[in-house]
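Inspection log for the structure reproduced underneath, given as structure tokens.
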Amino acid sequence: MEYNKLKIPNHVAIIVDGNGRWAQERGMSRSRGHDAGYHNLKKLGQYILSKGIKVLSVYLFSTENFKREEAEVQYLMDLFLKMFKKDRKFFMDNHIKVVVSGRDEFLSKEVIQARDEMVECTKNNTGGILNICFNYGGRAEIVDATKKILDAGISSEEVNEEVFSKYLYHDLPDVDLLIRTSGELRVSNFLLWQLSYAEFYFPETYFPDFKETDFDQAILEYTKRDRRFGGITK
Ligand code: IPE
Ligand code: IPE
Ligand code: MG
């Protein structure tokens, strides 16, 4: 796909969904689906950030995902630990800056430490930002920002949308394109603030099967959208 003829979003967000169903339909355990999703994410993430997209946010574990069976939650935590520890070289080689959005609560000390080391190690990379949303909830982010604003002693006269944005987990540009794989048509508490004028794209494909060419199709579709932001088309 020739990207120079396409409209390139600044910020793409992906709700990684369908790992479990992908595996179950193949008679495999849900864990195998998470493994397949993880491998696809590395390849696809690298591809996306190599195309001039500046920020890629990926929803990998929601604050609500703790409701799942203990064994699945543990498997996912081990996968995060592996990614934070073993993939530093991968992110360094690809010049990707990793930031993480989410709460510390209910995470192990080991995971928090590995996460923070990954962030520290990649902080000067300039080849695009990968925002990993891990133990993330959109409402939790808004509540946490509000608490920070109050704790900083900011008065109600000083609060506006721009100021508020600075107190979110990261001061990133608004999302231009949201992709949710697996055919589910909902936001599930993802980036509620940042999605306000995002274009939505909902492929049926389960995430482990969502490849580079599928992403190209999403960008083609995005290029055709008329974004009006409340105005009118000239
Ligand atoms: C997405 O796949 C990964 C996480 C939410 C951790 P799912 O695990 O939600 O897969 P389905 O939706 O059950 O198929
Ligand atoms: C959303 O997927 C959360 C992540 C992708 C991390 P879920 O599979 O948890 O969402 P619901 O439960 O179908 O809304
Ligand atoms: Mg799901």
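Laboratory data are not the source of any read-out in this text; all were calculated from the coordinates shown. This one's a predicted model, so the numbers in the text were calculated from it and none came from an experiment. Neighbour counts run over all protein chains shown; Cβ positions are idealised from the backbone, glycine included.
Describe numerically, in nm with one decimal, the distance between label points set 7 Å from Cα along Cα→Cβ at Lys109 and at Ala71.
Reported label-point gap for Lys109 and Ala71 is 2.9 nm.
Please give the Cα centre distance for region 160-174 versus region 1-27, rounded to the nearest Å.
Going from one Cα centre to the other spans 25 Å.
Taking a virtual spin label 7 Å from the Cα of Val119 along the C-beta vector, which residues in region 73-103 bring their backbone nitrogen under 13 Å of it?
The answer is 98-103, whose backbone nitrogens lie closer than 13 Å to the label point.
Between Gly138, Gly18, Gly52, which gets the highest mean-square fluctuation from a Gaussian network model of the chain, Cα cutoff 10 Å?
For the chain, modelled as a Gaussian network with Cα springs under 10 Å, the answer is Gly52.
What is the Cα centroid distance between region 195-230 and region 56-122, reported in whole angstrom?
Spelled out, the Cα-based centre of one part sits 25 Å from the other.
Which of Val143, Val159, Val55 moves most in a GNM of the chain, Cα contacts under 10 Å?
Val159
Please give the contour-minus-distance gain from Asp171 to Glu157: 0.36 nm per residue of separation, less the Cα-Cα distance, rounded to one decimal in nm.
The Asp171-Glu157 span can extend by a further 3.0 nm.
Report, in debye and to the nearest 20, how large the dipole of the chain comes out about its Cα centre when Lys and Arg carry +1 and Asp and Glu carry -1 on their Cβ.
Here the size comes out at about 560 debye.
Quick check: residue separation of Asp209 and Thr126 times 0.36 nm, minus the Cα distance between them. What number comes out in nm?
This chain segment gains 27.0 nm when fully extended.
Give me the distance in nm between label points sitting 7 Å out from Cα along the Cα-to-Cβ direction at Asn189 and Leu150, one decimal.
That separation, rounded to one decimal, is 2.0 nm.
Based on the alpha-carbon set only, what is the convex hull volume of region 24-120 divided per residue, in Å³?
Roughly 114 Å³ of hull volume per residue.
What length, rounded to one decimal in nm, is gained on full extension from Asn10 through to Arg227, with 0.36 nm per residue of separation minus their alpha-carbon distance?
Contour length minus Cα-Cα distance gives 76.7 nm.
Tally Lys/Arg at +1 and Asp/Glu at -1 over every other residue whose Cβ is under 12 Å from the Cβ of Ile154; what's the total?
Result for the local shell: 0.
Determine by what factor the alpha-carbon radius of gyration of the chain differs from 2.2 N^0.38 Å, reporting the quotient.
1.02
Rg/Rh for region 71-160 to two decimals, with Rh computed the Kirkwood way over all alpha-carbon pairs.
1.06
How much of the pair distance distribution for region 93-213 lies past 18 Å, counting alpha-carbon pairs only, in percent?
Every Cα pair in region 93-213 considered, those over 18 Å come to 63 percent.
May I ask you to derive the relative contact order of the chain, considering only C-alpha pairs under 8 Å and at least 6 residues apart, and to give it as an integer percent?
This gives 28 percent for the chain.
Show which lysines lie in cross-link reach of Lys89 when reach means a straight Cα distance below 18 angstrom and same-chain residues fewer than eight apart are skipped.
The qualifying lysines are Lys42, Lys43, Lys97, Lys123.
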